Ligand SMILES: NC(=O)c1ccc[n+]([C@@H]2O[C@H](COP(=O)([O-])OP(=O)(O)OC[C@H]3O[C@@H](n4cnc5c(N)ncnc54)[C@H](OP(=O)(O)O)[C@@H]3O)[C@@H](O)[C@H]2O)c1
């Protein structure tokens, strides 16, 4: 039986690369999107033609019912759930004093409530199985903070706290929960950052290089095979934290 992964927000960017690396290894992949249907269809096609199996699911992970539908649809189709990657995220720049309440709410809804919803639904399935691995994609901004990114920093810091609490609660059920900080990547989100934010991302970076989504995806895929690790935060660039 194929192993199965759900990758939230896998129509573009890092999520796309993660979905493809699992697909190339023959996994069943639930490809989740919100707005980018055409891009998500291409990801699913690429998985099917590279030896994997794909199920395309539109869901806004910030809505509990939709997150539950995402998990349930994947389990109904593939019959099991080995891995959940909470990758879907949004970022908004803006000074704290001028940040609207709407932006704060939307950022927390997507970046924190989304993973929370998906973890709740997935952990029920994984607990019944007695195994599973959940990886949350946070950011170094959640550890160090960053001017102009207060809502994003708050959401990503909270996601690290959620990772640790979930790891403690779910370990007795055989479920691992870890967190990855992928580094600054030139995805749509990365490219949308201001020039100042891009410069700052390199300033403390010992190797003076940006991170590649495909390399982060490779790390995430290999982390799945380490059975002794849970509740940890892995930084994937050369900024020392
Ligand atoms: N890029 C960076 O430099 C960087 C650095 C550190 C951490 N990260 C984190 O890495 C993750 C991926 O970032 P990225 O750079 O690949 O971003 P991206 O290129 O902007 O892609 C974001 C993905 O999230 C999906 N998404 C957004 N809101 C969603 C929702 N409510 N429900 C379901 N899917 C939703 C989008 O789907 P649709 O297009 O279909 O709507 C898209 O597939 C994020 O969590 C981000 O915070 C990124």
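Observations
- The single condition from (1) within 9 Å of the ligand (Cβ to nearest atom); (2) surrounded by 24 or more Cβ atoms within 10 Å (Cβ to Cβ); (3) over 14 Å from the mean Cα position of the chain (by Cα) that residue 28 fails is (1).
- Residue check: residue 35 meets all listed conditions (1) under 23 Å from residue 187 (Cα atoms); (2) buried (at least 17 other Cβ atoms within 10 Å of the Cβ); (3) within 14 Å of the ligand (Cβ to nearest atom) but one, namely (2).
- Residue 100 being surrounded by fewer than 18 Cβ atoms within 10 Å (Cβ to Cβ) and touching a residue at least 60 places away in the same chain (Cβ under 8 Å): no
- The residues in region 181-232 that are in contact with a strand residue (DSSP E or B) (Cβ under 9 Å, 6 or more places away or on another chain), without any contact (Cβ under 8 Å) to a residue 24 or more places away in the chain and within 14 Å of the ligand (Cβ to nearest atom) can be counted, and the count is 0.
- Elements of type helices (runs of 4 or more DSSP H) in region 137-241, at least 2 residues being farther than 23 Å from residue 110 by Cα: 195-203, 213-223
No value in this document is a laboratory result; all are computed from the given coordinates. Everything numeric here is computed off the predicted structure, so don't read it as measured data. Here the Cβ is made from the backbone with ideal geometry for all residues, glycine too, and neighbour counts use every protein chain on show.
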